[in-house]
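Trainee: Structure provided below as structure tokens; questions to follow.
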Amino acid sequence: MLEVVDLVKRYGPVTALDGFTLSVASGEIVGLVGHNGAGKTTFVEIVSNLLRQDSGHVTIDGKPPADVRGQVGVAPQHIALYPTVTVREHLVLFGRLGGLRRAALDTAIDDLAVLLRLTDLMDRRTGRLSGGQQRRIQAATALIHRPRLMLLDEPTAGADLETRQAILDVVKQRAGEGAAVVYTTHYLPEITELQATIAVARDGRVIARGTYDELIEGLPGEVRLTLDNEEEISVSTTEPTATLIDLLNRAERPVSAVDLRNPSLDDLYHSLAARDAS
Amino acid sequence: MFYRIAAIARHNWIVRLRDPGQIISYIAMPMVLMLVLKPLYVRALDAGSTQVATGLMVMFSVFAIGLAGNSILSERTWRTWDRLRVSRAPAIELLVGKTFPIFLVMVLQQTILVIYGVIAIGLPLPAEPWWVALAILIWAFALLAIGAALATLVRSHGELSVISDVGALTLSSLGGALVPLSIMPEWAQIAGHASPGYWALTMLQAAVAGNESAMLLPASVLLAIGLVAGAFAARRLARGWSRGKLM
């Protein structure tokens with residue numbers, strides 16, 4: 001669905017993208033993670049046809065982004081809504097711009113209002129709503145026309161738990177219906193919740209790509225024992241079960257608690273970043 | 001195409017209606033000033049009523065540049081312009097849909113002030129109202145284009161406010177909106193020709209007098225200004241305000 005090959009984008013002396021390559025299939029959710037400045041937002045802007053790359057290729061369904069306007073739904077990182085306009089009026093605008101008319105538009109609005117828990121807010125002006133509510137509206141305006149490619153740039157940043165869950169549920173539903181999704185986030189547990197494949201960006205490039213299991217293979221987890229005198233023993237290991245048995249055999253005092261922690265996405269990111277830097 | 005333009009125009013009309021303070025003040029203020037200044041102008045000039053009505057109408061319609069500028073600049077403040085650019089609507093549809101409601105507001109403002117001028121100030125009833133209507137449309141187009149171009153150049157609402165307010169006063173005064181150009185100093189008479197306000201005033205006074213041949217030159221100048229400013233604004237707005245662009 002989305003093919004991005006060797007994108008380069010510079011802002012004066014700053015190189016935002018430096019050979020960024022990524023492909024996303026229909027129905028796939030790709031969690032794009034990376035520090036601020038890794039190039040995630042520039043990538044989203046180029047695929048959205050808002051920016052032009054200096055070099056490299058982008059195709060959506062085999063066509064350049066300019067030829068598939070309207071098949072992409074974008075929720076930008078920052079809230080971008082009209083504060084004096086109601087939620088319903090926003091959805092009408094973006095629905096109509098997406099090609100929806102009359103009954104189809106009404107149905108799409110009603111469906112999204114339920115899914116994103118906006119039903120009670122429909123006739124309120126967005127400027128008077130909370131940050132979390134605005135996040136849900138922003139997501140709704142990006143999804144109202146059922147885009148085939150969804151670019152969601154930190155769609156839950158600063159959002160409450162209810163908002164986060166509502167957005168994640170809709171994203172999973174739309175991916176289940178065949179939409180390709182690029183989901184950038186700093187909240188790594190969201191990637192697990194979405195069952196997304198992962199792309200790790202750093203310094204304008206994708207430095208790792210794969211499923212969670214593929215990427216964490218070989219990374220150390222942690223075994224932690226707490227003794228009855230509250231002393232803690234913590235060991236980083238790639239073989240947690242064997243290490244746990246060994247520690248239990250060698251413990252000189254009774255053990256009051258055992259904690260086994262598999263490698264997390266945070267561990268993965270730090271490991272990749274360290275490897276890439278070296 | 002028309003469906004999308006209508007959707008954007010309707011949306012922007014709603015946005016305009018929810019924040020009407022600026023346009024109300026640009027209609028009410030010249031009405032009050034026309035009434036207060038009329039005796040002075042009638043005593044000082046042969047065509048005092050025409051001067052005070054058309055002059056203040058031109059001056060306050062130039063202030064409405066800020067209206068166009070603010071409307072476009074708000075899209076940047078709210079970060080909404082790029083969201084529209086991602087949609088199916090190409091840049092030209094966005095621009096037409098965005099600016100049409102502002103154009104209507106400007107035409108409405110000028111029409112109200114002309115009617116008020118006729119009823120309350122003694123502006124001669126135009127022999128051919130259609131020429132006045134045409135003059136209003138041309139002037140509103142030029143103002144809209146200048147305001148849109150300005151909005152792509154300034155960095156904040158404050159900057160826009162300073163430029164449009166000071167610019168409106170300077171250009172309309174130099175153009176003869178407050179004092180007829182014929183009794184201004186020689187340097188001002190020469191400089192006045194550089195002001196769109198001068199051409200607007202000349203065109204409107206010719207239209208009120210039913211002298212359509214005298215409208216031709218000022219109308220052409222204003223259309224040219226509008227086209228150049230409009231093309232500049234369209235080019236800048238089509239590129240949006242993404243990082244690395246415009247600013």
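The values are calculated or read from the model by the stated rules, or taken from the named source; none is laboratory data. Here the structure is a predicted model, which is why all the values come from computation and not from measurement. Ideal geometry is used to build each Cβ from the backbone, glycine not excepted, and the neighbour counts take in all protein chains shown.
Trainee: If I ask for residues that are of a type in the set (A, V, I, L, M) and within 22 Å of B:Asp165 (Cβ to Cβ), which ones from the stretch B:54-84 would you list? Spell out how you get there, then give the answer.
Mentor: Applying the first criterion (of a type in the set (A, V, I, L, M)) to the stretch B:54-84 yields B:56-59, B:62, B:64-65, B:67-68, B:72-73, B:84.
Matches in the stretch B:54-84: B:Leu56, B:Met57, B:Val58, B:Met59, B:Val62, B:Ala64, B:Ile65, B:Leu67, B:Ala68, B:Ile72, B:Leu73.
Trainee: Give me the residue from the stretch A:77-110 that is surrounded by 15 or more Cβ atoms within 10 Å (Cβ to Cβ) and of a type in the set (D, E, K, R) and, out of that set, nearest to the other protein chains (Cβ to nearest Cβ).
Mentor: Among them, the one singled out is A:Arg96.
Trainee: Is there a residue being farther than 30 Å from A:Asn36 by Cα and in a loop (DSSP other than H, G, I, E, B) anywhere in the stretch A:221-229?
Mentor: Yes, the stretch A:221-229 contains at least one residue that is farther than 30 Å from A:Asn36 by Cα and in a loop (DSSP other than H, G, I, E, B).
Trainee: Read through the list (1) within 9 Å of chain B (Cβ to nearest Cβ); (2) in contact (Cβ under 8 Å) with a residue 12 or more places away in the chain; (3) charged (D, E, K, R), then give the number of the only condition that A:Glu45 fails.
Mentor: Result: A:Glu45 fails condition (2) only.
Trainee: Got at least one residue in the stretch B:150-165 being more than 14 Å from chain A (Cβ to nearest Cβ), at pLDDT 90 or above and assigned to a helix (DSSP H, G or I)?
Mentor: The answer is no; no qualifying residue exists.
Trainee: Residue by residue through the stretch A:41-76, note down the ones that are surrounded by fewer than 21 Cβ atoms within 10 Å (Cβ to Cβ) and among the acidic types (Asp, Glu).
Mentor: If the condition is that a residue be surrounded by fewer than 21 Cβ atoms within 10 Å (Cβ to Cβ) and among the acidic types (Asp, Glu), then A:Asp54, A:Asp61, A:Asp67 are the ones that fit.
Trainee: Look at the stretch B:6-26 and say how many of its residues are under 18 Å from B:Gly66 (Cβ atoms) and surrounded by fewer than 17 Cβ atoms within 10 Å (Cβ to Cβ).
Mentor: Restricting attention to the stretch B:6-26, the residues satisfying the condition of being under 18 Å from B:Gly66 (Cβ atoms) are B:12, B:15-26.
If we keep only those that are surrounded by fewer than 17 Cβ atoms within 10 Å (Cβ to Cβ) as well, we get B:17-22, B:24-25.
Residues meeting the conditions: 8.
Trainee: Quick one: would you say A:Leu81 is assigned to a helix (DSSP H, G or I), touching a residue at least 12 places away in the same chain (Cβ under 8 Å) and within 24 Å of B:Ala7 (Cα to Cα)? Let's see the steps before the verdict.
Mentor: Numbers: assigned to a helix (DSSP H, G or I): no; touching a residue at least 12 places away in the same chain (Cβ under 8 Å): yes; within 24 Å of B:Ala7 (Cα to Cα): yes.
So A:Leu81 fails the test.
Trainee: Answer yes or no: is there a residue in the stretch B:208-215 that is closer than 27 Å to B:Thr99 by Cβ and surrounded by fewer than 24 Cβ atoms within 10 Å (Cβ to Cβ).
Mentor: yes
Trainee: Looking at A:Leu100, A:Leu105, A:Leu118, which is the one that is assigned by TED's automatic domain parsing to the domain that holds A:Gln71 and closer than 22 Å to A:Asp160 by Cα?
Mentor: Values: A:Leu100 fails: closer than 22 Å to A:Asp160 by Cα; A:Leu105 fails: closer than 22 Å to A:Asp160 by Cα.
Exactly one of A:Leu100, A:Leu105, A:Leu118 is assigned by TED's automatic domain parsing to the domain that holds A:Gln71 and closer than 22 Å to A:Asp160 by Cα, namely A:Leu118.
Trainee: Sort out which residues of the stretch B:71-98 are closer than 15 Å to B:Arg235 by Cα and either part of a loop (DSSP other than H, G, I, E, B) or of a type in the set (Phe, Trp, Tyr) (or both), and write them in order of number.
Mentor: The answer is B:Trp81, B:Pro90.
Trainee: Something else now. For the structure I just gave you, tell me whether A:Thr141 is within 19 Å of the chain's Cα centre (by Cα), modelled with pLDDT of 90 or more and part of a helix (DSSP H, G or I).
Mentor: yes
Trainee: For the stretch A:11-41, which residues satisfy the criterion of being away from every other protein chain (no Cβ under 14 Å), farther than 23 Å from A:Gln71 by Cβ and in a loop (DSSP other than H, G, I, E, B)? Steps first, answer last, please.
Mentor: First pass over the stretch A:11-41, keeping only residues away from every other protein chain (no Cβ under 14 Å): A:18-35, A:38.
Adding the requirement that they be farther than 23 Å from A:Gln71 by Cβ leaves A:18-19, A:33-35, A:38.
Residues satisfying the conditions are A:Gly34, A:His35, A:Ala38.
Trainee: All but one of (1) touching a residue at least 40 places away in the same chain (Cβ under 8 Å); (2) surrounded by fewer than 13 Cβ atoms within 10 Å (Cβ to Cβ) hold for B:Ser49; state the number of the condition that does not hold.
Mentor: Evaluating B:Ser49 over (1) touching a residue at least 40 places away in the same chain (Cβ under 8 Å); (2) surrounded by fewer than 13 Cβ atoms within 10 Å (Cβ to Cβ) leaves (2) as the failure.
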